[in-house]
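Student: What follows is a structure written as structure tokens; I'll ask about it next.
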Amino acid sequence: MVSLFTNTPIDKAVEVIKQKMEADQAWKQVTLLESEDVVELLEFTLSTTYFHFRGELYKQSFGTAMGSPVSPLVADNFMEHLEQTAIATESKLIPISICISTPIILSNTS
């Protein structure tokens, strides 16, 4: 994976987080928000990223913003989902994580 944050598909990542929230209700102990509220806030936060470069103002059109506090959460959850999907569909894969946000999957062909 190259440029993890800027290559994270927001719509798919938000769907993964929504599914995790529906599966594990523990987060409701710390907020009165509903899952729809959290998803709406997350979508808004991820889709309204602007940055300034060489005197010009740009809107980020894909991925999560580097430096945003929510980007690691979104990217890590999406990558975890990809790892679990790959492992579930291919029995010869061995997951190895070097550090957070850097998963490696090796093929065991023996």
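Student: Name the single residue that is farthest from Asn77 (Cα to Cα) among those in region 21-64 being exposed (fewer than 12 other Cβ atoms within 10 Å of the Cβ) and acidic (Asp, Glu).
Tutor: My answer is Glu56.
Student: Within the group Thr6, Thr45, Thr31, which residue is part of a helix (DSSP H, G or I), more than 26 Å from Thr85 (Cα to Cα) and not acidic (Asp, Glu)?
Tutor: Thr45
Student: So, in region 65-78, of the ones that are within 12 Å of Val16 (Cα to Cα) and in contact with a helix residue (DSSP H, G or I) (Cβ under 9 Å, 6 or more places away or on another chain), which residue ends up surrounded by the fewest Cβ atoms within 10 Å (Cβ to Cβ)?
Tutor: Applying the filter and picking the extreme gives Leu73.
Student: For a quick check of your reading of the model, give me the residue pairs whose first member lies in region 6-29 and is farther than 16 Å from Glu40 by Cβ, whose second is assigned to a loop (DSSP other than H, G, I, E, B) and not hydroxyl-bearing (Ser, Thr, Tyr), with beta-carbon atoms closer than 6 Å and at least 6 apart or on different chains.
Tutor: Going by the 6 Å Cβ cut-off, the qualifying pairs are Thr6/Gly63; Asn7/Gly63; Thr8/Gly63.
Student: Hey, another quick one. Working carefully through the options Tyr50, Tyr58, find the one that is farther than 13 Å from Thr6 by Cβ, hydroxyl-bearing (Ser, Thr, Tyr) and out of contact with any Cys (no Cβ under 7 Å at 6 or more places or on another chain).
Tutor: Tyr50
Each value in this text was obtained by applying a stated rule to the coordinates, not by laboratory testing. None of the values given here were measured: they were computed from a predicted structure. When we count neighbours, we look across all protein chains shown, and the Cβ atoms used for this are built from the backbone with ideal geometry, even at glycine.
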